[in-house]
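Please treat every number below as a calculation from the coordinates, not as lab data. It should be emphasised that the depicted structure is a prediction, and the values quoted were computed from it without experimental measurement. Positions of Cβ are generated from backbone atoms using ideal geometry, with glycine treated the same way; all protein chains shown enter the neighbour counts.
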Amino acid sequence: MKSKKYTGTLLFMAMAFAGWSQAVQSTAPTATTEAQQLPDIMTIILAVAGSVLFIVAMIYVVKVNQFLYKKVLELEAQKSGAILPAEAEASAATGDSFWTRMRKQYWEDAVPIEHEGEITFHHAYDGIRELDNRLPPWWVNMFVLTIIWAVGYMYYYHWGGDGPSSIERYNTEMADAKKSMSIALAGKANAVDESNVEAITDSGALGEGELIYKNSCAVCHGQKGEGGIGPNFADAYWLHGGGIKNIFKTIKYGVPEKGMISWQSQLRPSDMQKVASYILSLQGTNPPNQKDPQGVIWNEEGETQDPSATPPAGQTEQPADSK
Amino acid sequence: MGVYYSLQRLLKTRMWSDKLSWIHFWSWQVVILCAAYTLPMGMTTSSEYAELIWPVDLLITLVWVVFGINMFGTILTRRENHLYVAIWFYIATWVTVAVLHIVRSIELPVTFTQSYPLFSGVQDALVQWWYGHNAVAFFLTTPYLGMMYYFLPKAANRPVYSYKLSIIHFWALIFIYIWAGPHHLLYSSMPDWVQSLGTVFSIMLIAPSWGGMLNGLLTLRGAWDRVRQDPVLKFMVVAVTAYGMATFEGPMLSIKSINAISHFTDWTIAHVHVGALGWNGFLTFGALYWLWPRIYRTELYSRQLANVHFWLGTLGIIFYAVPLYWAGWTQAMMWKEFTPEGTLAWGNFLDTVKHIIPMYAMRVVGGTLFFIGVLLGVYNLYKTAGQGTFMANEPAEAPARERATADEPSGQYWHRWIERRPIQMLLWSTILIAIGGIVQIIPMVFIESQVPKISTVRPYTPLELTGRDIYIREGCVGCHSQMIRPFRDETVRYGEYSKSGEYIYDRPFLWGSKRTGPDLWREGGRNLDIWHFNHMMDPRTTSPGSIMPPYPHLTDQVLDLKDLPAKITALRKLGTPYPRDFEKYAIANAQEQAKGVAKTLGEQESKLKDQGLEDKEIVAIIAYLQRLGTDIKVQPTTNQ
């Protein structure tokens with residue numbers, strides 16, 4: 001009886017595996033080589049659904065066959081008047097319903113406590129006895145399913161399927177992000193960049209700029225722009241060019257060799273515009289404890305000239321754009 | 001102790017050598033003392049679960065050999081033909097821990113307190129997590145399963161549910177467990193195939209792990225009414241349940257898409273504490289409450305107090321774990337959130353830390369509850385001992401073991417065969433646990449293409465190397481990772497994702513497992529030297545609200561360069577291509593670079609001019625931090 005049940009489990013494993021590999025093979029060629037997200041998911045769903053359906057169908061077929069075979073045996077036995085094999089008798093005699101039998105086969109099958117004397121081993125270790133209960137069927141099935149899943153996983157990502165590698169997936173993520181960003185940035189407020197940014201003087205926007213400044217800039221440039229690790233904003237001297245466009249550019253790309261980090265991953269273009277405008281508004285406020293001037297006096301003339309026009313000679317004293 | 005008690009009773013014999021038992025006990029206490037001294041002193045290898053320095057590693061090896069001799073001596077002189085399932089687990093524990101510990105601790109000593117591991121970078125990481133994962137498995141899981149198989153049926157006075165289940169889940173567990181280590185390195189620079197093996201074997205591990213839980217819980221069939229009253233059983237039921245939860249959660253966390261969220265956050269911390277406090281803690285308490293009155297031949301002093309302990313402990317675990325799950329999830333979501341315009345919603349890492357500080361407070365409450373429970377337990381046991389008399393030796397007699405005859409009664413299980421042969425059992429366990437490690441580690445070490453070389457990656461300079469050792473000493477790796485995973489949020493926040501070829505000179509690897517602070521792999525060149533100086537003196541000046549402790553002693557302590565020649569020689573032996581005779585110039589080279597850093601600091605902050613900073617530790621750590629992750633930014637030179 002025991003060996004019979006093991007055979008069933010083995011058969012189940014073999015069938016499930018066969019069904020799964022067939023399903024995967026039949027769906028794999030339909031997937032495109034490109035790392036597109038939707039078809040990949042569809043492949044998985046198809047593979048899983050296909051193999052599950054296949055397994056269920058096979059189980060059903062086998063079960064019906066078993067049932068019919070038993071019935072035939074019973075009928076023959078009745079005809080010939082012979083005694084039924086003990087095994088057939090046992091399952092027939094309990095008279096379990098279909099669902100009870102299914103439960104015992106696939107879910108749980110413990111010997112009731114009242115009968116456990118029949119399956120107690122004779123050995124004992126320091127008084128501890130052991131029972132000979134069947135492995136819980138649901139546990140066995142779970143184990144088998146995880147093994148099937150594992151083989152499928154390895155197949156999909158390594159042995160033959162077209163599962164994306166970590167880096168391919170990353171590239172897809174970045175490409176998607178670029179797309180959605182360009183859509184979001186199409187709005188007017190966020191479309192500003194260093195070539196078209198203009199200083200704002202509206203006090204509400206400057207207030208927001210001040211908030212950003214206090215959160216992000218004040219640590220290095222001082223609460224009132226007096227300077228610290230970074231240069232002073234209240235004087236007229238600039239290291240990387242004054243004026244809204246240069247300040248915006250410095251904030252956006254940073255000056256890595258001097259420890260000014262790039263903020264474009266943290267601040268929206270409109271935020272950088274606000275904070276740059278706020279920094280400009282600090283000019284001449286003369287806060288206490290100012291840091292010594294660094295750089296050159298920024299000539300307002302330079303700012304009024306359009307950077308896209310031919311650069312005047314005076315522009316050469318600005319730092320190069322390369323970094 | 002549980003092992004010692006149950007071993008003797010299950011084998012119906014005395015421990016092979018009382019002397020070895022005592023040596024084992026006291027030398028293990030010495031190991032604990034050494035750990036308590038060396039780790040706070042900053043003497044560490046920084047490898048998780050293998051932090052202790054090499055002399056202590058040697059001592060541990062010795063202790064373990066003593067334990068092994070004693071255990072096998074006892075097993076071989078046993079008076080019981082067959083080995084009970086608990087003993088199978090003890091055997092597997094012993095051999096696996098031995099193998100793991102030896103391989104992980106292969107290191108080249110430099111000084112008495114410092115050594116460099118045989119492998120570097122990616123390989124070191126793989127060996128580390130093959131070790132780290134299975135040290136937990138075979139030090140905290142298999143011996144505890146063995147103890148459960150003894151104490152739970154004893155306490156419940158019920159037969160073990162299924163002998164067959166014991167067999168299957170034991171062999172499956174020890175075979176599969178070994179493979180799962182790489183799930184600690186998902187989305188790292190580890191090759192994808194290793195990561196995938198880690199994932200699938202973790203998933204396959206669910207059933208074998210649950211086998212133990214099921215056999216424990218189902219053994220209680222017919223005894224559940226007593227669980228309501230008996231604190232021993234209560235502890236054990238919660239322990240086994242916590243084990244089941246943790247071993248289901250673990251595989252789930254090994255699925256890459258979930259790991260992408262959970263890794264580097266407090267989620268992992270919550271997960272291990274369910275295991276450590278729930279499974280290990282509660283099983284220990286349960287076993288102690290059962291065992292103690294029997295050793296002292298009395299009743300437990302107060303059942304009421306034990307019940308209070310149970311509830312404090314249970315609530316403690318809940319108050320500890322739930323806030324951390326919450327914190328981990330919250331922080332991961334904040335790290336990953338983007339505005340539609342493509343900027344990080346929480347660009348300042350600190351904002352995500354400040355957000356979860358209340359959860360940390362809750363965690364303290366939970367931990368305190370648990371600890372109070374432990375104190376009550378200790379008091380209870382103390383009083384129990386006081387009212388009883390200690391039974392040093394239990395009189396016991398058993399007939400000498402008859403040599404098993406070849407003709408086993410037919411119809412027995414095939415497995416009974418191996419249960420009579422402890423040495424075969426040891427052998428087969430060793431083979432089974434070796435397979436997983438061999439398949440994963442050997443290709444990584446011997447096939448060069450697994451770690452693509454990057455031409456611009458150079459060994460650390462002597463000063464940077466010194467800074468790196470200070471970084472290890474100060475335990476920076478506990479809160480700062482050095483591994484940028486290929487996710488959009490990480491590359492936007494930190495910079496280009498990490499490549500395996502960048503770490504080939506990292507001995508030991510310092511990828512870290514938790515980001516209480518931000519990742520530092522691309523820290524080089526990000527901030528000014530003076531920023532780092534101020535940050536170390538008081539992190540709050542550069543990062544308001546930071547919870548990082550200040551490190552002002554780095555500006556006082558004199559830079560110790562005298563071991564540099566030994567370090568350079570050791571690293572060259574291990575394969576770092578320092579030029580010939582470089583160790584002779586190493587100190588001068590370091591001093592030169594240190595002067596440069598001190599000069600830069602002076603230029604950036606006039607107060608620091610000529611303060612003698614060039615021979616202080618701060619310049620070494622700044623030099624190291626400024627080097628991190630910069631090699632791939634260097635343009636390859638054309639001279640070769």
Ranked on Cβ counts within 10 Å of their own Cβ, fewest leading, B:Leu305, B:Leu126 go B:Leu305, B:Leu126
Neighbour cut-off at most 15 other Cβ (10 Å), DSSP loop, trypsin sites (Lys or Arg not before Pro), the stretch B:78-128 = B:Arg79
Inter-site label distance for A:Val61 and B:Met252 at 7 Å from Cα along Cβ, in nm | 3.7 nm
Can you give the alpha-carbon Rg of the protein assembly as shown over 2.2 N^0.38 Å, where N counts its residues?
-> 1.12
Estimated FRET transfer efficiency (B:Val457, B:Ile102; beta-carbon r; R0 22 Å; 0.05) | 0.15
Gain in span if fully extended, B:Leu58 to B:Lys584, counting 0.36 nm per residue against the direct Cα distance = 186.3 nm
For A:Val296 and B:Glu592, extending 7 Å from Cα along the Cα-Cβ vector and measuring point to point gives, in nm, a value of 3.6 nm
Dipole check, chain B, charges on Cβ (K,R +1; D,E -1), about Cα centroid: among B:Gln128, B:Leu253, B:Leu220 the Cα furthest to the positive pole belongs to B:Leu220
Mind checking the angle between helix B:422-446 and chain B's longest principal axis? C-alpha axes, 0 to 90 degrees, to the nearest 10.
-> 20 degrees
Value of relative contact order over chain B, rounded to a whole percent, pairs C-alpha under 8 Å and six or more apart = 16 percent
FRET efficiency for B:Leu305 and A:Asn215 from the Cβ-Cβ distance with R0 = 56 Å, rounded to 0.05, comes out at 0.60
Kindly identify the stretch B:199-279 as rounded, prolate or oblate by the Cα gyration tensor criterion: order the square roots of the eigenvalues as a ≥ b ≥ c, call it rounded if a/c is under 1.5, otherwise compare a/b with b/c, prolate if a/b is larger, else oblate.
-> oblate
What dipole magnitude, in Debye to the nearest 20, does the stretch B:530-629 give about its Cα centre under +1 on Lys/Arg Cβ and -1 on Asp/Glu Cβ?
-> 340 debye
For helix B:462-473, report the angle its Cα long axis makes with the longest principal axis of the Cα atoms of chain B; keep it between 0 and 90° and round to the nearest 10°.
-> 40 degrees
For labels at A:Thr285 and A:Tyr106 in the simple 7 Å Cα→Cβ model, what's the distance in nm?
-> 7.2 nm
To the nearest 20 debye, what is the magnitude of the charge dipole of the protein assembly as shown about its Cα centre, counting +1 on the Cβ of each Lys and Arg and -1 on the Cβ of each Asp and Glu?
-> 3160 debye
Suppose R0 equals 51 Å; then what is the FRET efficiency for B:Arg297 and B:Leu427 from their Cβ-Cβ distance, rounded to the nearest 0.05?
-> 0.80
Mind jotting down the distance between the C-alpha centroids of the stretch B:116-164 and the stretch B:560-624, whole Å?
-> 43 Å
May I ask you to order B:44-52, B:503-511, B:369-377 by the average number of other C-beta atoms within 10 Å around their residues, highest value first?
-> B:503-511, B:44-52, B:369-377
Determine the gain in length on full extension of the stretch B:Phe390-B:Trp26; use 0.36 nm per residue of separation and subtract their C-alpha separation, reporting nm with one decimal.
-> 129.0 nm
Taking placed amide H atoms and a strict 5 Å upper bound, the residues 5 or more places from B:Ser115 or on another chain that come that close are B:Val110
Contour minus end-to-end for A:Trp138 and A:Ala191, with contour as 0.36 nm per residue of separation and end-to-end as the Cα-Cα distance?
-> 13.2 nm
At what distance in angstrom do the alpha carbon centres of the stretch A:112-158 and the stretch B:232-250 lie from each other?
-> 18 Å
With a ≥ b ≥ c taken as the square roots of the eigenvalues of the C-alpha gyration tensor of the stretch B:462-633, please select rounded if a/c is under 1.5 and otherwise prolate if a/b is larger than b/c or oblate if it is not?
-> oblate
Roughly how tilted is helix B:564-574, in degrees to the nearest 10 and between 0 and 90, from the longest Cα axis of chain B?
-> 60 degrees
What is the magnitude of the charge dipole of the stretch B:462-633 about its Cα centre, with +1 placed on the Cβ of each Lys and Arg, -1 on the Cβ of each Asp and Glu, and no other charges, expressed in debye to the nearest 20?
-> 460 debye
Going by a ≥ b ≥ c, the root eigenvalues of the Cα gyration tensor, does chain B fall in the rounded group (a/c under 1.5), the prolate group (a/b larger than b/c) or the oblate group?
-> prolate
